[in-house]
Amino acid sequence: MDAARLPSVDAVLRTEAGRRAAERHGHKPAAEAIRAALADARQAWQAGQPAADAGRIAAIAEAALERAALPSPRPVFNLTGTVLHTNLGRALLAEAAIAAAVAAMRDPSALEFDLETGRRGERDDHFRARLAALCGAEDAAIVNNNAAALLLALSTLARGKEAVVSRGELIEIGGSFRLPEIMRQAGTRLIEVGTTNRTHARDYEVAIGPKTGLLMKVHPSNFAVQGFTKAVPHREVAQIARAAGLPFLDDLGSGTLLDLTRFGLKRERSVQDAIADGADLVTFSGDKLLGGPQAGLIVGRRDLIARLNKNHLKRALRIDKIRLAAFAATLDLYADPDRLAERLPTLRHFTRKRAEIAAIAGRLAPVFAAALGAEWQVDVADCVSQIGSGALPLDTLESAGLALRPAGSRPSGRQVEALAARLRQLPRPILGRIAEGALILDFRTLDDPEALAAAIRQSGTAP
Ligand SMILES: *Cc1c(COP(=O)(O)O)cnc(C)c1O
């Protein structure tokens with residue numbers, strides 16, 4: 001085997017691209033990438049292709065190093081039309097929350113330290129009085145996410161006991177959250193009552209026995225049952241629980257702290273509604289409609305929250321200082337509801353007007369048309385966004401964006417899929433959705449049109 005025609009690693013390192021790669025990524029990673037590129041070049045040469053020179057090997061190695069250096073997970077343009085996209089990390093944080101998280105990372109903070117007394121404090125004390133007051137509840141606690149909140153509540157109140165839930169509410173949520181599995185983990189026996197479409201008050205009443213630990217209702221987050229249906233109102237389940245001396249747990253899921261109708265959205269039961277309807281504990285996520293970091297919130301009766309806090313599981317499920325700081329800062333913004341829609345990105349995206357979104361689409365259409373070339377037809381298009389993450393599952397928001405279609409006389413779905421794949425490979429991937437033979441880019445959640453324009457221009461020049 002004669003590989004003498006290929007340059008040495010050192011010779012490649014001495015080229016301009018080789019020096020740049022070593023400078024940026026370190027000598028060792030650069031040498032390894034060059035060796036890998038040389039191995040490929042040797043195979044190609046043995047297969048009869050001309051031997052690559054040092055400059056070509058250096059360029060290949062540098063490109064491989066640049067690809068490997070892209071952050072993971074990578075920031076993307078979420079143009080899917082789903083505002084709270086679970087696979088894209090749900091809520092985007094407000095600037096105040098980001099600043100609070102950064103401060104918590106950089107400096108020591110009085111996380112579990114009472115500055116008044118100089119003694120040990122509780123991490124929940126940074127928000128519990130404010131959250132409880134906002135919700136009209138006696139007390140509040142925070143854990144890793146809503147799944148953890150449910151695990152903690154069930155394990156505290158119904159370990160070795162039974163939890164009564166309607167069959168119509170035994171939900172599975174994307175990201176492998178299944179209520180029956182959580183129950184099993186908590187050591188709680190699930191007692192299903194009613195049927196998928198109809199549950200009556202007496203179904204709950206006859207299910208209550210000496211082993212019952214609690215009654216529970218779960219928000220049907222990502223579906224709706226229509227037709228011949230009946231569910232027992234929260235207020236009524238709360239009364240049945242109270243009469244039996246049992247706690248009533250309301251898993252709200254998304255959990256808004258506001259009346260969303262003031263922002264022109266459909267009405268969604270708020271945490272305040274849940275407390276007012278008689279829930280003893282309410283659980284919800286921090287990173288859905290609330291617009292904060294991933295977290296699980298529990299609000300309700302003081303004596304029950306005290307029991308949750310004593311459960312050693314809480315230590316295992318606790319939230320870290322970074323997210324706690326971000327959550328407390330997010331909660332602060334709720335003190336001024338008038339400015340919330342400007343400050344909270346999630347709410348800003350929900351409330352954006354179609355005309356404003358369409359104007360952005362109109363400005364970007366020529367940029368996309370130029371970058372994609374004559375093979376693609378680019379149109380400003382109406383579309384509908386959805387809220388996502390189990391909030392208002394049937395409610396859609398009028399939106400606008402671009403529809404990208406193959407321009408030829410016989411457009412194929414494969415071309416659209418190939419374009420979607422190409423846009424996913426950009427340094428900052430552009431994610432849309434495919435519908436009716438087009439790649440639809442919904443601009444409701446686009447915060448930086450200039451950055452998107454730069455990204456699509458770059459895609460035209462990419463190999
Ligand atoms: C989203 C959701 C959960 C899970 O919450 P996470 O914060 O993702 O753990 C649980 N219950 C309901 C009703 C939900 O909508």
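Some notes on this structure:
- L324 meets all of the listed conditions (1) open to solvent by 10 Å² or more (accessible area, probe 1.4 Å); (2) within 16 Å of the ligand (Cβ to nearest atom) but one, namely (1).
- Candidates F263, F248 - the one that is of a type in the set (F, W, Y) and surrounded by fewer than 22 Cβ atoms within 10 Å (Cβ to Cβ): F263
- Checked against (1) in a helix (DSSP H, G or I); (2) within 30 Å of G432 (Cα to Cα), R42 meets all criteria but (2).
- A count restricted to region 41-85 and to residues that are within 17 Å of L446 (Cα to Cα) and not aromatic (F, W, Y) stands at 11.
- Here L304, L297, L281 are screened, and the one residue that is open to solvent by less than 10 Å² (accessible area, probe 1.4 Å), within 16 Å of the ligand (Cβ to nearest atom), more than 23 Å from the chain's Cα centre (by Cα) and closer than 26 Å to P220 by Cβ is L281.
- Applying the set (1) within 30 Å of T351 (Cα to Cα); (2) in contact with a helix residue (DSSP H, G or I) (Cβ under 8 Å, 6 or more places away or on another chain) to A149 leaves exactly one unmet item: (2).
- Residues in region 244-262 that are of a type outside the set (A, V, I, L, M), within 16 Å of the ligand (Cβ to nearest atom) and at pLDDT below 95: G253, S254, G255, T256.
- Odd one out for K211, checked against (1) in contact (Cβ under 8 Å) with a residue 40 or more places away in the chain; (2) basic (K, R); (3) closer than 29 Å to I387 by Cβ: (3)
- Remark: pairs (first residue in region 260-281, closer than 22 Å to F248 by Cβ and in a helix (DSSP H, G or I); second residue of a type outside the set (A, V, I, L, M) and open to solvent by 10 Å² or more (accessible area, probe 1.4 Å); Cβ separation under 6 Å; 6+ apart in sequence or on different chains) = Q272/G136; I275/G136.
- Whichever residue in region 210-227 is open to solvent by 60 Å² or more (accessible area, probe 1.4 Å) and under 31 Å from the mean Cα position of the chain (by Cα) and, among such residues, is farthest from the ligand (Cβ to nearest atom): Q226
- Filter result (over 16 Å from A274 (Cβ atoms) and out of contact with any helix residue (DSSP H, G or I) (no Cβ under 9 Å at 6 or more places or on another chain)) within region 231-246: G245
- Qualifying residue in region 232-243 (condition: in a loop (DSSP other than H, G, I, E, B) and either within 15 Å of the ligand (Cβ to nearest atom) or under 30 Å from Q294 (Cα atoms) (or both)): yes
- Scope region 1-55; condition open to solvent by less than 30 Å² (accessible area, probe 1.4 Å), at negative phi and under 40 Å from the mean Cα position of the chain (by Cα); matching residues: A17, G18, A21, A22, A30, A31, A33, I34, A37
- Of the helices (runs of 4 or more DSSP H) contained entirely in region 346-463, those carrying at least 2 residues that are of a type in the set (A, V, I, L, M) and more than 27 Å from the chain's Cα centre (by Cα) fall at 354-372.
- Members of region 159-195 that are part of a loop (DSSP other than H, G, I, E, B) and more than 24 Å from G388 (Cβ to Cβ): R159, G160, K161, A186, G187, T188, G194, T195
- Within region 81-136, the set of residues being open to solvent by less than 20 Å² (accessible area, probe 1.4 Å), in a loop (DSSP other than H, G, I, E, B) and not β-branched (V, I, T) comprises G81, L84, A91, A94, G121, F127.
- Of residues in region 156-198 being acidic (D, E) and open to solvent by 40 Å² or more (accessible area, probe 1.4 Å), the one modelled with the lowest pLDDT: E172
- Search result, residues across region 56-74 that are over 19 Å from S8 (Cβ atoms) and open to solvent by 80 Å² or more (accessible area, probe 1.4 Å): R67, A68, S72, P73, R74
- Among the residues of region 382-404, the ones that are surrounded by fewer than 21 Cβ atoms within 10 Å (Cβ to Cβ) and away from the ligand (no atom under 16 Å from the Cβ) come to 4 in all.
The values are calculated or read from the model by the stated rules, or taken from the named source; none is laboratory data. Quantities reported herein were computed from a predicted structural model and do not represent experimental measurements. Heads up, the Cβs are rebuilt from the backbone with ideal geometry, glycines too, and the neighbour counts pull from every protein chain shown. Keep in mind that these areas ignore ligands, DNA and RNA; they rest on the heavy atoms of the full protein, side chains included. Shrake-Rupley method; radii C 1.70, N 1.55, O 1.52, S 1.80 Å.
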